[in-house]
Amino acid sequence: MSKFCHNIQSLTIKFGEKVSNGLNDLIISQKNLKNVSLKQSHHDWTDIIPSLIKHSNTITKLLLKGKNDHKPLTFITNFINLKELIITFDYLNATLKDFKDELRYFHFQKLQNLKFSFGCPRSDILIDFIKINGKNLNYLYINRDDNLLNISIPKLCPNLKFLYTIFIDKKSLIDILNGCQLLECIQVMCGRLHIKEKDMLEAIVKYSPKCFHELRLYNYAKSNILSKDLDSFFINWSNRIPQKSITFICLNVFDDLEKRNMKIIEKYRKLGVIKNAKTYL
């Protein structure tokens, strides 16, 4: 295959027990490789790192998905033109043990999108990383509930357009909404241990920047949104200046939200207050 396919720009590799020489040859033979996804189940990606590094100037998107967080990560620093970095492991408490030292303080001059969808470096390590790389970020997805980290985001990542982090209280959300004036979309987890839906809605409608237009609500437990609070949110949103319709997305919620509140959502969709509404159960 390496003799005929030289112009692959996007490559996804799922690892079994062993990396073949043919795979390494295929990677090396590419002329303009841009997007690489490495998905590991048993074997790790150590054996193909030298082949990937040969494309360090052209690779701009890198996704790493593993079963555990003992996989090597420092090789990422070779990709100096990286624009998007996604790292995910199969359990929430993964701390990405190799995300330290050289990687912790490395400057990716073109990095715009950073996502840790499951598992995340320790907060002190991540804060050091975004001190160096945060100003260029447009997209930040962090699956960690750490107030110190949230407090750091407005100062270190002022140009964000999308943010997902986990809020414990209303204050840190307000600080981010005030500090990130380019923010267009935010995803918020609500639940027993996290910010209450009512507090979240009040903060969004009062403090979100003028360009804000999309709210993604994620609830891991039974929703506690009262119909009167949801109705109040949309009334207040319709009175904002300048007027801008909102996209309202509910992720992974229970049927009770749909039963109690979908009529309210549909009402404001017809009035033009809601541009788009989606519920993923």
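Here are some residues: Ile142, Ile204, Ile186, Ile176. Which one is surrounded by 20 or more Cβ atoms within 10 Å (Cβ to Cβ) and touching a helix residue (DSSP H, G or I) at 6+ places or on another chain (Cβ under 6 Å)?
Answer to the selection: Ile176.
Table: residues versus (1) part of a helix (DSSP H, G or I); (2) within 15 Å of Leu63 (Cβ to Cβ); (3) of a type in the set (Ser, Thr, Tyr); (4) without any contact (Cβ under 8 Å) to a residue 12 or more places away in the chain.
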site: Thr77; (1), (2), (3), (4): yes, no, yes, no
site: Asp98; (1), (2), (3), (4): no, no, no, no
site: Tyr105; (1), (2), (3), (4): no, no, yes, no
site: Gln109; (1), (2), (3), (4): no, no, no, no
site: Ile127; (1), (2), (3), (4): yes, no, no, no
site: Ile130; (1), (2), (3), (4): yes, no, no, no
site: Arg144; (1), (2), (3), (4): no, no, no, no
site: Phe167; (1), (2), (3), (4): no, no, no, no
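Consider region 163-216. How many of its residues are within 23 Å of Pro242 (Cα to Cα) and aromatic (Phe, Trp, Tyr)?
Number of matching residues: 2.
Of everything in region 211-257, what is modelled with pLDDT of 95 or more, buried (at least 18 other Cβ atoms within 10 Å of the Cβ) and assigned to a loop (DSSP other than H, G, I, E, B)? Give them in sequence order.
Once the filter is applied, which keeps residues that are modelled with pLDDT of 95 or more, buried (at least 18 other Cβ atoms within 10 Å of the Cβ) and assigned to a loop (DSSP other than H, G, I, E, B), region 211-257 yields only Phe212.
Quick check on region 193-210. Is at least one of its residues assigned to a strand (DSSP E or B), under 22 Å from the mean Cα position of the chain (by Cα) and within 20 Å of Ile264 (Cα to Cα)?
No, every residue in region 193-210 fails to be assigned to a strand (DSSP E or B), under 22 Å from the mean Cα position of the chain (by Cα) and within 20 Å of Ile264 (Cα to Cα).
From the list Leu114, Leu160, pick out the single residue that is assigned to a strand (DSSP E or B) and either modelled with pLDDT of 95 or more or among the small types (Gly, Ala, Ser) (or both).
Leu114 is the lone residue from the list that is assigned to a strand (DSSP E or B) and either modelled with pLDDT of 95 or more or among the small types (Gly, Ala, Ser) (or both).
Looking at (1) in contact with an Asp or Glu (Cβ under 7 Å, 6 or more places away or on another chain); (2) more than 26 Å from Phe15 (Cα to Cα); (3) not basic (Lys, Arg), which one does Leu96 not meet, given that it meets all the others?
(2) is the only condition that Leu96 fails.
The values are calculated or read from the model by the stated rules, or taken from the named source; none is laboratory data. The shown structure was predicted, so the numbers you read here are calculated from the model rather than taken from an experiment. Don't worry about glycine lacking a Cβ; one is built from the backbone with ideal geometry, like all the others, and counts go over all protein chains shown.
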